[in-house]
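This report concerns only the one structure given below.
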Amino acid sequence: MSSAKTVAFQAEVKQILDLVIHSLYSQKEIFLRELISNAYDATEKRRLVGLEEPELAYDGQAEIWLKTDKETQTLQISDRGIGMNRHEVETFIGTIAHSGTKSFAQKLTKIKENPELIGKFGVGFYSAFMVADKVELHTQKAGDTKGTFWVSSGDGSYTISSKKKSDGPGTTITLYLKKSEEEDYENYTDTWTIKRIVKKYSDFLDIPIKMMVEKTEPKLDKDGKPIEGESETKFEEETLNSMKALWRQPASKVKPEEYKEFYKTACKEWSDPLEIIHYKAEGSQEFVALLFVPSQVPFDYNHREVKWGPSLYIKKVFISERVSDLIPNYLRFIKGVVDSDDIPLNVSREILQKDHRLQALAKALQFKILKHFEKMLTKNRSDYEKIWDLWGATIKEGMASDFSQKENIEKISLFRTTLDNRWTTLDEYISRMKSDQKAIYYLTGESIAHLKDSPHMEKIREKSYEVLLLVDPVDDWVSSSLKEYDGKKVVSLTQDDLSFDGATSEEDEKKQKEDHDALDKDYQELKDVILGALSDELKEVKLSNRLVDSPVCLVSSTNDPTARMERMMGNLGQNLPKTKRILEINPHHAIIKKMKALPKEKQKTWADILYHQSLLNEGTPLKNPIAFTKKVNTLMTELSQVSPS
Ligand code: ADP
């Protein structure tokens, strides 16, 4: 050993260590899953690196070795993986990277509540301190000749030095197990305990996890006959995990529990999946897919740098995890394994992305998933609705982003409506449409309650037409690409030129138009004053066909972005040129009638108040709320001075 240096842990690491050391958590055994999974990842990394640089590959079989020693109360985990150099040990083991959307404090709370989540937050290694009061790590990076030795008692610092590793690159971790009288520690030097834990968490890993296992056999005499009362102990090499690639088994042979365990191990998840799709494709594309719909949204979901997608295997050989080219963006929540028979094993990962076979595979996969959801919709509605509750907002994105699948996605999309609190499909909506109803109507906004009270809903409520209520942030974007479904127009209630009054005859129509024109003329002057007063905000002022109880509302031209969309783009730092809106006024409303008779200056003030009210109604924050309240207060003061006659 040389140049041993004692270094204090980063403050965050100290907190994590404090937490795990004092944890009363009973399932401490997960430490082994974390360490084996690190060993596995390192071994896989070395295999992949070895494909490109053969001198870095290990010779022979990749293995993970466990070794226990009752005398010294130690447990050792050794791999022949990629290893770490000194600098890497210092960064990976001594510090915590600040990644993910949640702050460190939030992570800490989460781990405190659910210690088994520790691996999820990239600090799995420290779980070793749940069972050990001293941990040694001896590692050497593939290609290096020097090794690094790290040791810590978890008490605030670690010691690091250079030390050659006689068995070459890889990592050996030695745990000096805690001896506590208060707590009933499981004996992690016990073969059966170790076997059980490996089976439970690491059975599917396709690298053998081996251990020398004690076998007691009757002692034999020189004729090969057992000597009564005498036995001898031998050590035999044993592989603890089955390594069977579950996805290659026929679906009928796999038990639900096996799927769930596999999901947790292979997808690094902590709760059962909502749905399992196990599928074998034959014919032009030969592959097996074992996919899962998670039941929990990851904390870093929607983080731009986070990669998604299933792991890709070729004929059971692991190629790469999170292959996002396998799955469209709008299905990015799906996890699992895809194993292809067609793609040649020797293609490099960079070329793979452009390989037409991978693209064809992705297409087939997408089709299969959508079909599966469609089937669930009819056969297993309540389970499908659970998927939609969690992932619907993501799936919907596909309507706007993937034109080739638009119809298939529309078919499986669920909506809230004015009818009741249940989810409905567009087909179900259409089946309930009134005989005189020409289109599918929708309104987007912040909340269902808010939308139900919107002025835009007034006339349509009289007609008893059902309206889709869209409250997801993506809805403004998605709905603008809906346009038509099953031959029916899909129309926003905030769209300009909306009318529900279908004329029954030509004569009727003529009469209606004449009435409207007369009214319009009557209000021309007022409309001009309002537009003049608000020319920075409005492009037009119109008489409304959709209002009943409200004096005004704002609407948009068909192809203009909605107010919410503009606001969202603004929040994303993309300031669109401001779109002027259209103000509709209700000529049958007392305020508007009264307004017509007011002097011009008063009309301007009222116009300003009404405009700001309509902004509030649609959920747009006012730029200057104080100016608005002042105007309202002045008006109220004026009214209170008018003596009641
Ligand atoms: P995570 O594995 O979730 O990133 P850990 O705290 O378990 O978090 O490990 C931190 C990092 O240390 C790993 O990402 C890896 O780079 C490195 N590491 C841990 N164990 C090994 C090992 N056996 N071989 C090589 N590198 C390892």
So which of S37, S99, S103, S78 ends up being within 26 Å of K164 (Cα to Cα) and at pLDDT below 90?
S37
Please indicate, with yes or no, whether at least one residue in the range 142-159 is modelled with pLDDT of 85 or more, within 12 Å of the ligand (Cβ to nearest atom), within 36 Å of the chain's Cα centre (by Cα) and not in a helix (DSSP H, G or I).
yes
Among all residue pairs at least 6 apart or on different chains, which show Cβ distances below 6 Å where the first residue, located in the range 470-488, is at negative phi and the second is loosely packed, with under 14 Cβ neighbours inside 10 Å?
V471/S447
Answer with yes or no whether K195 is within 16 Å of the ligand (Cβ to nearest atom), in contact with a strand residue (DSSP E or B) (Cβ under 9 Å, 6 or more places away or on another chain) and in contact (Cβ under 8 Å) with a residue 12 or more places away in the chain.
no
If we scan the range 310-329, do we find a residue that is closer than 25 Å to I111 by Cα and buried (at least 20 other Cβ atoms within 10 Å of the Cβ)?
no
Any idea how many residues of the range 309-343 are modelled with pLDDT of 90 or more, farther than 16 Å from I387 by Cα and part of a loop (DSSP other than H, G, I, E, B)?
4
Given the structure, is A62 closer than 24 Å to K268 by Cβ, hydrophobic (A, V, I, L, M, F, W, C), assigned to a helix (DSSP H, G or I) and modelled with pLDDT of 85 or more?
no
Would you check which residues across the range 595-626 are part of a helix (DSSP H, G or I) and under 42 Å from the mean Cα position of the chain (by Cα) and list them?
L610, Y611, H612, Q613, S614, L615, L616, N617, E618, P625, I626
Among the residues of the range 217-272, which ones are of a type in the set (A, V, I, L, M) and either in a strand (DSSP E or B) or surrounded by 16 or more Cβ atoms within 10 Å (Cβ to Cβ) (or both)?
L220, I227, L240, A245, L246, V254, A266
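Conditions (1) over 15 Å from A142 (Cα atoms); (2) within 12 Å of the ligand (Cβ to nearest atom); (3) not hydroxyl-bearing (S, T, Y), marked per residue:
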site	(1), (2), (3)
S37	yes, yes, no
E44	no, yes, yes
E52	no, no, yes
D59	no, no, yes
L66	yes, no, yes
I77	yes, yes, yes
G81	no, yes, yes
S103	yes, no, no
Of the residues in the range 371-387, those that are surrounded by fewer than 20 Cβ atoms within 10 Å (Cβ to Cβ) and either of a type outside the set (D, E, K, R) or not in a helix (DSSP H, G or I) (or both) number 4
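The values are calculated or read from the model by the stated rules, or taken from the named source; none is laboratory data. A quick note: this is a predicted structure, and the numbers were derived from the prediction, not measured. Here the Cβ is made from the backbone with ideal geometry for all residues, glycine too, and neighbour counts use every protein chain on show.
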